[in-house]
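Notes follow the structure.
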Amino acid sequence: MKTILIGDIHACSREFSALLERIGPARSDQLILMGDLVNKGPDPAGVIRTVRSLNCLCLRGNHENDHLNGPAGLSKLKAESELTKNAMPLEEYAAYLALAAAMPLYFENSDLIAVHGALDPVLPLDQQPADLLTGDITPPPSWKDDINLGRPLVVGHKRYSREQAEPFIVEGRFYGIDTGCVYGGALTALELPSGELWQVRAARDYSTLK
Ligand SMILES: [Mn+2]
C-alpha cells in the first residue's frame, strides 16, 4: 500500500486542490495530512470542504490545538485563529472543530511514522508528550540530527531546509515536508515507501495579508 503525506496547508486551498489534482490519489492510497489545516492563509473554509470530501487522515497540529483550547475556555484564541473563525461559515467551523477533536497525535504503519511537530527519540510513541507531537513545545534544534527510528519519520510544522520550498530529507530516516506554502514557498506531498515527491508553488506569500 502507498502512503501519501501532505505538508502544512494553512488555509491555502488553491495550492491544496492543485496538488491533489496532480497526485490523483487512488481510493486504496492512505492519504495523510500533516496538520495545521487552517490559520494564516486565505481560504480556511475551502480547505475544510475539500478535506471533508476526501478519504484521509489528518494529524493534529498546534493550530488545531489552539482552536480546540479556545472554545473550551482553556485559553484565548490566537489572533490568527480568531480571523479564521470569523472567516468561516458557522457550520463549516463546527465541522472543523469536530474534525480537529478527532485527529490523532501520530500515525504509524510498517513503512513510516508521522507526527505534526516532533518527538523524543528515546520514548515509545504512545508515551510521547502530546504537546511535543503537536508542535506546541519546541525541542532543541538538534533533536532530529541523529534520528533513526528504523523507518522514515515524517514531520511538518516548520521548515528545516535553508530554502523555503525545499523539503529536508535524510533518505530513509527523516522527511521534513513543511515547505512554507503560506509564506510563499510550496505545498509538498511525499509518497512512501517510494520517496516520490510532488510540489505546487504558492501563488503568493499569504503571510503579508491582513
Ligand atoms: Mn505547526
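Summed over region 152-210, residues that are polar (S, T, N, Q), closer than 23 Å to SER110 by Cα and touching a strand residue (DSSP E or B) at 6+ places or on another chain (Cβ under 9 Å) total 1. Considering only residues that are among the hydrophobic types (A, V, I, L, M, F, W, C) and within 16 Å of the ligand (Cβ to nearest atom), look in region 39-73 and name the one that is surrounded by the most Cβ atoms within 10 Å (Cβ to Cβ). Applying the filter and picking the extreme gives LEU59.
How many residues does region 178-210 contain that are at pLDDT 95 or above, of a type in the set (S, T, N, Q) and out of contact with any Pro (no Cβ under 8 Å at 6 or more places or on another chain)?
Final tally of qualifying residues: 2.
Hey, does region 163-170 have a residue that's within 16 Å of the ligand (Cβ to nearest atom) and outside any loop (DSSP other than H, G, I, E, B)?
Within region 163-170 (the criterion being within 16 Å of the ligand (Cβ to nearest atom) and outside any loop (DSSP other than H, G, I, E, B)), the answer is yes, since at least one residue qualifies.
Here's the yes/no breakdown for (1) charged (D, E, K, R); (2) out of contact with any Leu (no Cβ under 8 Å at 6 or more places or on another chain):
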position	(1), (2)
LEU105	no, no
GLU108	yes, no
ILE113	no, no
ASP120	yes, no
ALA130	no, no
GLY135	no, yes
THR138	no, yes
PRO141	no, yes
ASP146	yes, yes
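Kindly indicate whether VAL115 is β-branched (Val, Ile, Thr) and within 14 Å of ASN65 (Cβ to Cβ). Judged against the criteria, VAL115 is a match.
Within region 37-60, take every residue that is within 20 Å of LEU192 (Cβ to Cβ) and part of a loop (DSSP other than H, G, I, E, B) and give me the one that is nearest to the chain's Cα centre (by Cα). The qualifying residue nearest to the chain's Cα centre (by Cα) is LEU59. Pairs are defined by a Cβ separation below 9 Å, a sequence spacing of at least 6 or placement on different chains, a first member in region 20-39 that is closer than 21 Å to GLY61 by Cα, and a second member that is surrounded by fewer than 16 Cβ atoms within 10 Å (Cβ to Cβ) and charged (D, E, K, R); the pairs so defined are GLN30/LYS2. Among the numbered conditions (1) touching a Ser or Thr at 6+ places or on another chain (Cβ under 8 Å); (2) of a type outside the set (A, V, I, L, M, F, W, C); (3) without any contact (Cβ under 8 Å) to a residue 40 or more places away in the chain, the only one that GLY61 does not meet is (3). Scanning region 184-197 for residues that are within 15 Å of the chain's Cα centre (by Cα) and either crowded, with 18+ Cβ neighbours inside 10 Å or among the polar types (S, T, N, Q) (or both) gives GLY185, ALA186, LEU187, THR188, ALA189, LEU190.
Of all the numbered requirements in (1) more than 16 Å from the ligand (Cβ to nearest atom); (2) touching a His at 6+ places or on another chain (Cβ under 6 Å), TRP198 misses one, and that requirement is (2). Selection within region 177-195: residues that are away from the ligand (no atom under 16 Å from the Cβ), in contact with a Ser or Thr (Cβ under 9 Å, 6 or more places away or on another chain) and small (Gly, Ala, Ser). The member of this set that is farthest from ALA165 (Cα to Cα) is GLY184.
Residues of region 128-158 that are of a type in the set (Lys, Arg) and at pLDDT below 95: LYS144 alone.
The residue of region 109-145 that is farthest from GLY195 (Cα to Cα), among those that are in contact (Cβ under 8 Å) with a residue 24 or more places away in the chain and more than 16 Å from the ligand (Cβ to nearest atom), is PRO121. Screening LEU19 on (1) more than 13 Å from LEU187 (Cβ to Cβ); (2) part of a helix (DSSP H, G or I); (3) of a type in the set (A, V, I, L, M, F, W, C) shows it passes everything except condition (1).
The values are calculated or read from the model by the stated rules, or taken from the named source; none is laboratory data. This one's a predicted model, so the numbers in the text were calculated from it and none came from an experiment. No Cβ is skipped: glycine too gets one built from the backbone with ideal geometry, and neighbour counts run over all protein chains shown.
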